[in-house]
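Colleague: I am attaching a structure below and will ask some questions about it afterwards.
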Amino acid sequence: MRIGYPCINWTLDCKTDRTFRLKSYSEDRLIETVENNLDCLLRVLEFNVRNNILFFRITSDLVPFASHPICQFRWQDFFREKFEKIGAFIKRYDTRISMHPDQFVLINSKDKKVFERSRRELLYHAEVLSLMKLDTSVKIQIHIGGVYKDKMKSIERFIKQYNRLDSVIRKRLVIENDDVSYTLSDCLRIHSRIGVPVLFDILHHRINSSGQNVEDALTLISSTWKRQDGVPMVDYSSQKKGKRQGRHAETIDMRDFKNFLVKTKDFDFDIMLEIKDKEKSALKAVEITLSDVRFLKIKIPKMKKFISAF
DNA sequence: TCACGTCAAGCAGAT
DNA sequence: ATCTGCTTGACGTGA
């Protein structure tokens, strides 16, 4: 099991998701921003390895406007070596990477233009991971999309339009149950048709449940991940107390987390902590898994000492 | 230096 | 009809 957090590290004094306004787009601006984001990404990954955090979600904002028509610059060629260097670091320390395109990516949209924009955005995500030379266990997670007042038709449209996606996208795509529309059972039904692995989101399952307990859910999703997909990925977060359902907590609820670890001790998976304070909660989670013999299945870096990445 | 209006993209649910 | 949340505030103009 690896423990991770998404996109942002608050401890370091750099950002991996710096951006700018579309109106201020220029090649110089793009180069400057991407250079900053990639350099920072390597620093974040090194911070993570030093702290036994071997799972990390890379931000979709790494290359601003990458899938927008305004971007004609070949950032792939310009930054090829930097991407390779980051990828080498990731592989060397056996870090698991994921990406999560944002809410505008909709495979099952009724609007051809929305589907085409989504395809281009997914291609950008797949390109980033290919440039890092990462294998197909490195996944891009998306939700099923909109319901458009007819869930059955929208699921069929998802399947049809999924099959039109480029193979570089399909081999990395995984689907995740969401908090309002598509449940775990909906995702499993889609898996049975097209074989796409299912990522299990604990909090979404609590809010928008299809009835399974956590153990049964993990059994079900585990069989959707094949050898080339790596171990299953799970999104974990605590509900923010007294707030609207689905809001993420400020920091990890250690009692709830320990309960979860005990319940799931017989499964192997990588866990993404979707919690506001990011690496702080990940550090707490790593600490408990390393200090309590009941949870000793956590992965630690292959090499104790490592050469500085920068 | 700082306040604050606005930012590529879509949907669903709340107000 | 309009606003908010989503994985996350922060860019950039004007004073």
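Bear in mind these aren't lab numbers, they're just calculated from the coordinates by the rules spelled out. Remember, it's a predicted structure, so these values are computed and weren't measured experimentally. For neighbour counting, all protein chains shown are included, and Cβ atoms are generated from backbone atoms with ideal geometry for every residue, glycine included.
Colleague: Considering amide H positions built from the backbone, and no H for Pro or chain starts, which residues 5 or more places from A:Asp270, or on another chain, come under 5 Å of its amide H?
Modeller: For A:Asp270, the qualifying residues are A:Arg2, A:Met233, A:Val234.
Colleague: Additional query: Among the aspartates and glutamates, select those whose C-alpha is under 16 Å from the C-alpha of A:Lys280, and discard any that sit fewer than 8 residues away in the same chain.
Modeller: List returned: A:Asp13, A:Glu46, A:Glu250, A:Asp253.
Colleague: By how many nm would the segment from A:Asp13 to A:Lys171 grow when fully extended, if each residue of separation counts as 0.36 nm and the alpha-carbon distance is taken off?
Modeller: 53.4 nm
Colleague: At a Cα cut-off below 23 Å, give the lysines reachable from A:Lys284, other chains included and same-chain residues fewer than 8 away excluded.
Modeller: Answer for A:Lys284, where 23 Å is the Cα cut-off: A:Lys15, A:Lys240, A:Lys241, A:Lys258, A:Lys263, A:Lys265, A:Lys276, A:Lys297, A:Lys299, A:Lys302, A:Lys304, A:Lys305, listed by chain and number.
Colleague: Taking a spot 7 Å from the Cα of A:Ile194 along the direction of its beta carbon, which residues of segment A:97-114 have an amide N less than 11 Å from it?
Modeller: Counting only backbone N, you get A:107-109.
Colleague: So for segment A:62-143, averaging the separation of alpha carbon pairs under 8 Å that are six or more residues apart and normalising by length, what relative contact order in percent results?
Modeller: Contact order relative to length: 41 percent.
Colleague: Another question, then. Can you tell me the length gained on complete extension of the stretch A:Asn259 to A:Ser26, counting 0.36 nm per residue apart and subtracting the Cα distance?
Modeller: Between A:Asn259 and A:Ser26, full extension yields an extra 78.8 nm.
Colleague: Additional query: Would you mind putting A:101-109, A:261-269 in packing order, based on average other-beta-carbon counts within 10 Å, highest first?
Modeller: A:101-109, A:261-269
Colleague: Among DSSP beta bridges whose residues both lie in chain A, state the antiparallel percentage, nearest 5.
Modeller: Given both bridge residues lie in chain A, the antiparallel proportion sits at roughly 5 percent.
Colleague: May I pose another question? Less than 25 Å apart at the alpha-carbon level, and either on another chain or at least 8 residues along: which lysines does that give for A:Lys160?
Modeller: Reachable lysines: A:Lys110, A:Lys112, A:Lys113, A:Lys139, A:Lys149, A:Lys151, A:Lys171, A:Lys226.
Colleague: If r is the Cβ-Cβ distance from A:Val180 to A:Glu81 and R0 is 45 Å, what FRET efficiency results, to the nearest 0.05?
Modeller: 0.60
Colleague: What distance in nm separates the simple spin-label points at A:Arg164 and A:Asp216, each placed 7 Å from Cα in the Cβ direction?
Modeller: Between A:Arg164 and A:Asp216, the label points sit 3.7 nm apart.
Colleague: How many nm separate the modelled label positions at A:Asp39 and A:Lys153, each set 7 Å beyond the Cα in the direction of the Cβ?
Modeller: Once both label points are built, they end up 5.3 nm from each other.
Colleague: Averaging sequence separations of C-alpha pairs under 8 Å and six or more residues apart, then dividing by the length of chain A, give the relative contact order as a whole percent.
Modeller: Relative contact order for chain A comes out at 21 percent.
Colleague: May I pose another question? Measure off 7 Å from each Cα along the Cα-to-Cβ vector at A:Gln103 and A:Phe47, then give the distance between these two points in nanometres to one decimal.
Modeller: 2.7 nm
Colleague: If amide hydrogens are placed 1.01 Å from N in the peptide plane, which non-local residues have theirs closer than 5 Å to the one on A:Leu173?
Modeller: Amide H neighbours of A:Leu173: A:Ile140.
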